[in-house]
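Everything below concerns the one structure shown next.
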Amino acid sequence: MPNLLTVLLINSDSGSRAAITALLARCRRPVELSATTGALQEAMKHIESETPPQVVILEAHSIAQGVRDVSTIRAINPQTMIMVTSEEKHPDWILTLIRAGAGEYLTTPIILDELEDALERAAGMFERRVGAEDARGKVITVFNPSGGMGTTTIAVNLAATLVGKGELTALLDLNPFSSDISAFLDLNAAYTLSSIQGAEGRIDASFLTGIMTRHTSGIKVLCGAEEVGVTTGITPNQILNLLTLIRGQFGVTVIDTGGSLSERVLETFNGSDLILYPLTLTLPALNNARRYLKSLNYHGFGPERVKVLVNRYLPKDDIRLTDAEKILGVNIFHTIPNSYVEIKESIYKGTPLVTCFPRSPVTKALTDLAGHVMTELSSGSH
Ligand SMILES: Nc1ncnc2c1ncn2[C@@H]1O[C@H](COP(=O)(O)OP(=O)(O)O)[C@@H](O)[C@H]1O
Ligand SMILES: [Mg+2]
């Protein structure tokens with residue numbers, strides 16, 4: 001059921017008021033008409049109230065009155081969506097009123113489809129705003145530019161641990177190279193990230209949850225596209241919308257991504273509270289991480305947001321953790337032991353480690369990582 005919109009109608013003509021009221025009743029979007037008045041003056045107590053209407057449908061019978069009324073409403077309540085109605089089709093009217101702050105201009109007699117579209121746009125705007133205000137959900141991105149470092153292993157098992165702790169958890173496969181999450185969780189997704197492409201205006205919370213696939217553990221997964229390269233056209237703006245919506249829907253979202261620091265990846269980081277950067281203790285991996293951490297720092301993602309994980313950690317390695325910290329100039333946030341057999345078996349079965357090897361040291365390390373991440377996120381700096 002779409003969210004209810006509260007609407008206030010201002011029109012000096014009783015016949016027009018009745019006609020617009022009848023049209024509103026026929027719209028798909030449920031509307032609560034908080035008042036209908038003949039002039040702005042009579043509507044002021046509603047606009048100034050604690051719960052002002054989200055939409056004001058305002059008649060403009062002259063440009064001057066229209067601009068004056070739009071400006072008055074905007075000054076009191078800048079969040080209100082003002083839809084101006086007028087017989088006048090002249091572009092000057094439209095431009096002037098839109099510039100004054102009207103969100104829509106509907107010529108009368110109003111066509112049902114046009115009113116429906118305008119209401120849907122308004123509803124989309126309010127849903128996005130609510131998503132931003134309700135941004136209580138946390139977003140954790142696991143990123144390694146080249147892959148092969150355990151990015152997907154960590155993202156999947158982190159999500160599985162968090163859902164096991166009772167968090168409402170989403171897992172997004174935004175990896176541009178290899179969409180591995182569906183294989184790691186043995187999912188047969190009906191819809192994937194490719195559904196988002198080209199659907200810009202239509203993406204709302206219910207669309208998003210509709211294209212996600214539920215894993216038996218309870219994780220809701222947005223799988224990567226089957227076909228290679230079909231989602232390269234997803235824009236940074238679409239990523240921003242996606243993350244805003246997802247924050248409003250889930251307690252925690254884990255993202256798997258990689259590749260160079262493209263606009264799209266940077267937008268993903270922008271929308272993330274924490275960025276986990278896994279690597280193995282080899283010189284090439286450390287060198288690459290040093291370069292990337294420097295660049296991330298340049299882009300505004302410093303050590304308070306980017307945390308380095310050492311995966312496949314062997315305490316007897318030639319390269320020690322302290323060497324890695326010296327090379328990278330940051331502390332290692334967490335280590336995950338090398339555990340070839342369990343991880344291979346878990347991927348083969350399409351089951352997270354918490355389910356198939358609940359007592360293994362690698363599972364303990366990943367469970368501890370989830371705890372460490374949540375403590376870090378609740379420490380207040382995110
Ligand atoms: N802690 C670990 N111990 C042993 N093998 C691991 C570990 N983490 C990942 N692997 C293995 O490394 C390979 C790459 O892991 P994956 O999660 O796919 O990395 P990425 O997503 O960075 O490419 C996989 O074959 C996986 O089995
Ligand atoms: Mg991967």
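The values are calculated or read from the model by the stated rules, or taken from the named source; none is laboratory data. Note that this is a predicted model, so its numbers are computed, not measured. Because the Cβ atoms are built from the backbone with ideal geometry, glycine has one as well, and the counts that use them run over all protein chains shown.
On the given criteria, is GLU376 within 29 Å of the chain's Cα centre (by Cα), part of a loop (DSSP other than H, G, I, E, B) and away from ligand 2 (no atom under 16 Å from the Cβ)? Full working, then the answer.
Details: within 29 Å of the chain's Cα centre (by Cα): yes; part of a loop (DSSP other than H, G, I, E, B): no; away from ligand 2 (no atom under 16 Å from the Cβ): yes.
So GLU376 does not fit the description; no.
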Could you tell me whether GLU325 is more than 29 Å from the chain's Cα centre (by Cα), outside any loop (DSSP other than H, G, I, E, B) and under 25 Å from THR257 (Cβ atoms)?
yes
Residue that is within 27 Å of the chain's Cα centre (by Cα) and surrounded by 16 or more Cβ atoms within 10 Å (Cβ to Cβ), where the choices are THR36, THR80:
THR80
Condition met for GLU226 (within 25 Å of ASN157 (Cβ to Cβ), acidic (Asp, Glu) and modelled with pLDDT under 90)
yes
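On the basis of being more than 23 Å from LEU158 (Cα to Cα) and β-branched (Val, Ile, Thr), does ILE327 make the cut? Show your work before the answer.
Values: more than 23 Å from LEU158 (Cα to Cα): yes; β-branched (Val, Ile, Thr): yes.
Taking the combined requirement at face value, the residue satisfies it.
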In segment 149-166, residue farthest from ligand 1 (Cβ to nearest atom) [restricted to those that are modelled with pLDDT under 95 and out of contact with any helix residue (DSSP H, G or I) (no Cβ under 8 Å at 6 or more places or on another chain)]:
GLY166
Cβ-Cβ under 7 Å pairs, at least 6 apart or on other chains, segment 283-304 side assigned by TED's automatic domain parsing to the domain that holds ASP273 and more than 16 Å from LEU266 (Cα to Cα), far side surrounded by 12 or more Cβ atoms within 10 Å (Cβ to Cβ) and of a type in the set (Gly, Ala, Ser):
LEU286/ALA324; ASN288/SER146
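Do the conditions hold for THR367, that is, is it assigned by TED's automatic domain parsing to the domain that holds GLY271, on the phi < 0 side of the Ramachandran plot and touching a residue at least 24 places away in the same chain (Cβ under 8 Å)?
Values: assigned by TED's automatic domain parsing to the domain that holds GLY271: yes; on the phi < 0 side of the Ramachandran plot: yes; touching a residue at least 24 places away in the same chain (Cβ under 8 Å): yes.
Taking the combined requirement at face value, the residue satisfies it.
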In segment 213-301, which helices (runs of 4 or more DSSP H) lie fully inside it and hold 1 or more residues that are touching a Pro at 6+ places or on another chain (Cβ under 8 Å) and buried (at least 16 other Cβ atoms within 10 Å of the Cβ)?
263-270, 283-298
Name the single residue that is farthest from the chain's Cα centre (by Cα) among those in segment 230-265 being at pLDDT below 85 and more than 16 Å from ligand 2 (Cβ to nearest atom).
VAL230
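Restricting to segment 334-351, give me the number of residues that are among the charged types (D, E, K, R) and either within 16 Å of ligand 2 (Cβ to nearest atom) or in a loop (DSSP other than H, G, I, E, B) (or both). Before you say what the answer is, go through the steps one by one.
Quick first cut of segment 334-351, residues among the charged types (D, E, K, R) only: 342, 344-345, 349.
From what is left, the residues that are either within 16 Å of ligand 2 (Cβ to nearest atom) or in a loop (DSSP other than H, G, I, E, B) (or both) are 344.
Residues in segment 334-351 being among the charged types (D, E, K, R) and either within 16 Å of ligand 2 (Cβ to nearest atom) or in a loop (DSSP other than H, G, I, E, B) (or both): 1 in total.
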Selection from segment 167-188 of residues that are more than 16 Å from ligand 2 (Cβ to nearest atom) and either outside the structural domain of PRO236 (by TED's automatic domain parsing) or surrounded by 15 or more Cβ atoms within 10 Å (Cβ to Cβ) (or both)
GLU167, LEU168, THR169, ALA170
Being of a type in the set (D, E, K, R) and in contact with a His (Cβ under 8 Å, 6 or more places away or on another chain) is the filter here; which residues of segment 283-339 pass it?
ARG305, LYS307
Is it true that some residue in segment 196-208 is within 16 Å of ligand 2 (Cβ to nearest atom) and either crowded, with 21+ Cβ neighbours inside 10 Å or more than 28 Å from PRO284 (Cα to Cα) (or both)?
no
Residue in segment 282-309 that is nearest to ALA160 (Cα to Cα), counting only those that are in contact with a strand residue (DSSP E or B) (Cβ under 6 Å, 6 or more places away or on another chain) and aliphatic (A, V, I, L, M)
LEU309
